[in-house]
Amino acid sequence: MTVRPILIHPDPRLKKIADPVDGISSELRALADDMLETMYDAPGIGLAAPQIGVSKRLIVMDCVKEEGAAPRPMALFNPQVTWTSDDTSVYEEGCLSIPDQYAEVTRPAEVRVRWTDLDGQQQEEEFAGLWATCVQHEIDHLDGKLFIDYLKPLKRQMITRKMVKLKRERARA
Ligand code: K2U
Ligand code: ZN
C-alpha cells in the first residue's frame, strides 16, 4: 500500500478520457488499495485514478462523515450513471487536484450508478446527498472534467492562475 502523489491542475493528464478496465487483476486491486490509502491520507472522500496519473476508469470513495460511524470504502471500476434525478443540489466542492479552492456546483441530487466491484461483480446503486455529489465529481474526473469547468470563465481562470503559481512555488521548494 502506497500513498501516491496527486497531480495538480493544470496537467494534461487530468484532461484525458480514461480507458475502461477489462478484468479485475491483482494489479488493479493493488491500485484501488493505493488510491484508498492516498484518499484517506489527503484527507478526502473520493479519488479518481487519473488524479494519480493512471488513465483508467477506476474511482474510490468513502463519504461516511459521521464521527464513529463505520467507514464504507468503495472501489468502482467502469462506473456509469444510469439515471439522474430532476431535482438538483448545490454543494461547495473542492478537489484534491485543485487544493484550497472551493466553489458552488449544482448537480442532480440523486444518481443511479452501475459499476464492476473488486470481486468482478456488476453492482448498481442509487446515491443521494454527499455520496451523489462525490460519485459525479469522481466520474467527471474519468472524462477529464474538473469542478472548475462548471464555473464562469473568469473564476476558472483565476483558480487556474493560482494553481500555476502554487506549482511554481512547490517546484522551487
Ligand atoms: O476528487 C477529488 O478531488 C476528491 C474530492 C471529492 C469531492 C469533492 C467535492 C465534493 C465531494 C467530494 C475531495 O474529497 S475534496 C475534499 C472534501 C472533503 C469533504 C467534503 C468535500 C470535499
Ligand atoms: Zn476532484
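List of remarks:
- Residues that are near ligand 1 (Cβ under 8 Å from one of its atoms) and more than 11 Å from ILE159 (Cβ to Cβ) within the stretch 95-104 comprise LEU96, SER97, listed in sequence order.
- Subset of the stretch 53-74 that is surrounded by fewer than 17 Cβ atoms within 10 Å (Cβ to Cβ) and either among the β-branched types (Val, Ile, Thr) or within 11 Å of ligand 1 (Cβ to nearest atom) (or both) - its residue that is modelled with the lowest pLDDT: LYS65
- Of all residues making up the stretch 52-67, the number that are under 20 Å from ASP11 (Cβ atoms) and charged (D, E, K, R): 2
- Residue count for the stretch 141-159, restricted to those that are in a helix (DSSP H, G or I) and either over 18 Å from the mean Cα position of the chain (by Cα) or free of Cβ contacts under 8 Å to residues at least 60 places away in the same chain (or both): 10
- Members of the stretch 142-173 found to be touching a strand residue (DSSP E or B) at 6+ places or on another chain (Cβ under 9 Å) and farther than 18 Å from THR106 by Cβ, listed by number: LEU142
- Meets criteria (farther than 14 Å from TRP131 by Cα, more than 14 Å from ligand 1 (Cβ to nearest atom) and of a type in the set (Gly, Ala, Ser)) for ALA32: yes
- When the stretch 96-128 is filtered for residues that are touching a residue at least 24 places away in the same chain (Cβ under 8 Å) and on the phi > 0 side of the Ramachandran plot, only GLY120 remains.
- Selected residue (only one of PRO10, PRO20 is away from ligand 2 (no atom under 16 Å from the Cβ), surrounded by fewer than 18 Cβ atoms within 10 Å (Cβ to Cβ) and within 16 Å of ASP143 (Cα to Cα)): PRO20
The values are calculated or read from the model by the stated rules, or taken from the named source; none is laboratory data. Quick caveat, the model's predicted, so the values are computed rather than measured. Backbone-built Cβ (ideal geometry, glycine too); neighbour counts: all protein chains shown.
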